[in-house]
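Participant: This is the structure I want to talk about, given as structure tokens.
The values are calculated or read from the model by the stated rules, or taken from the named source; none is laboratory data. This is a predicted model, so every value here is computed, not measured. Ideal geometry is used to build each Cβ from the backbone, glycine not excepted, and the neighbour counts take in all protein chains shown.
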Amino acid sequence: MSEEPCQCPDCQRFYREHDRLIRENPSLRQQQELNWAALQSFRTLAGRVLEELQKQYGDSEATVPAPTEPAKVETEDEHDAMQQAMADLENINAHLFSIEALMERIFDVRVPEEVEQKFREVAGELAPDPLNADRLRLNRLLHQTPDLPDHRP
């Protein structure tokens, strides 16, 4: 079995984003801050959506609303689906809170500048600049090679 990376559009998008995050944040400190900001934005958004849904649909123990307004009539299945979604969001928020507690420990780590430099060096190897002239030339050559398995004429 080949160890080739998956070529599906979702994986390719992930690889590009992965490499971009390494290129744009090549130090330990930048990675710490990036991950903290991503976690906080996820918690903020998921928490706010849950609050809005709870206001709109009530807490998870609420009953199916009486069909007083035709625009807001929901079936029991829709109600159950919404209650399940809100329960899932509550679980997500609990997990994010746990991750936040673990990530706080990451911020206790401070490294010397030599180590930060090693982070930047390795980042350049892991995710080289896709607009680098050598990389562009190599990509152009690879795309002109008909015997590659992912070549599209």
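Participant: Going by the conditions given, is R120 touching a residue at least 12 places away in the same chain (Cβ under 8 Å), of a type in the set (K, R) and part of a helix (DSSP H, G or I)? Working first, answer last.
Facilitator: Numbers: touching a residue at least 12 places away in the same chain (Cβ under 8 Å): yes; of a type in the set (K, R): yes; part of a helix (DSSP H, G or I): yes.
In short, yes.
Participant: Shifting gears a bit: Return the residue satisfying two criteria in turn: it lies in the range 100-117 and is outside any loop (DSSP other than H, G, I, E, B) and at pLDDT below 95, and of such residues it is farthest from R23 (Cα to Cα). Talk me through it step by step, then tell me what you get.
Facilitator: Kept after step one, since they are outside any loop (DSSP other than H, G, I, E, B), are these residues of the range 100-117: 100-106, 113-117.
Subset that is at pLDDT below 95: 100-106.
On the way: E100: 24, A101: 27, L102: 25, M103: 22, E104: 24, R105: 24, I106: 20 Å.
Ranking the qualifying residues of the range 100-117, first place goes to A101.
Participant: Moving to a separate point now. In this structure, does L21 turn out to be aliphatic (A, V, I, L, M), surrounded by 12 or more Cβ atoms within 10 Å (Cβ to Cβ), at pLDDT below 95 and under 27 Å from the mean Cα position of the chain (by Cα)? First the steps, then the outcome.
Facilitator: Details: aliphatic (A, V, I, L, M): yes; surrounded by 12 or more Cβ atoms within 10 Å (Cβ to Cβ): yes; at pLDDT below 95: yes; under 27 Å from the mean Cα position of the chain (by Cα): yes.
Yes.
Participant: Determine, yes or no, whether I92 is touching a residue at least 24 places away in the same chain (Cβ under 8 Å) and within 19 Å of R48 (Cβ to Cβ).
Facilitator: Values: touching a residue at least 24 places away in the same chain (Cβ under 8 Å): yes; within 19 Å of R48 (Cβ to Cβ): yes.
Yes: the conditions hold for I92.
Participant: Still on this structure, I have one more. Of everything in the range 1-47, what is of a type in the set (G, A, S), in a helix (DSSP H, G or I) and without any contact (Cβ under 8 Å) to a residue 12 or more places away in the chain? Give them in sequence order.
Facilitator: Initial filter on the range 1-47 (of a type in the set (G, A, S)): 2, 27, 37-38, 41, 46-47.
Then drop every residue that is not in a helix (DSSP H, G or I), which leaves 37-38, 41, 46-47.
A37, A38, S41, listed by residue number.
Participant: Which of the residues belonging to the range 24-44 are within 12 Å of the chain's Cα centre (by Cα), surrounded by 13 or more Cβ atoms within 10 Å (Cβ to Cβ) and of a type in the set (A, V, I, L, M, F, W, C)?
Facilitator: L34, L39, F42
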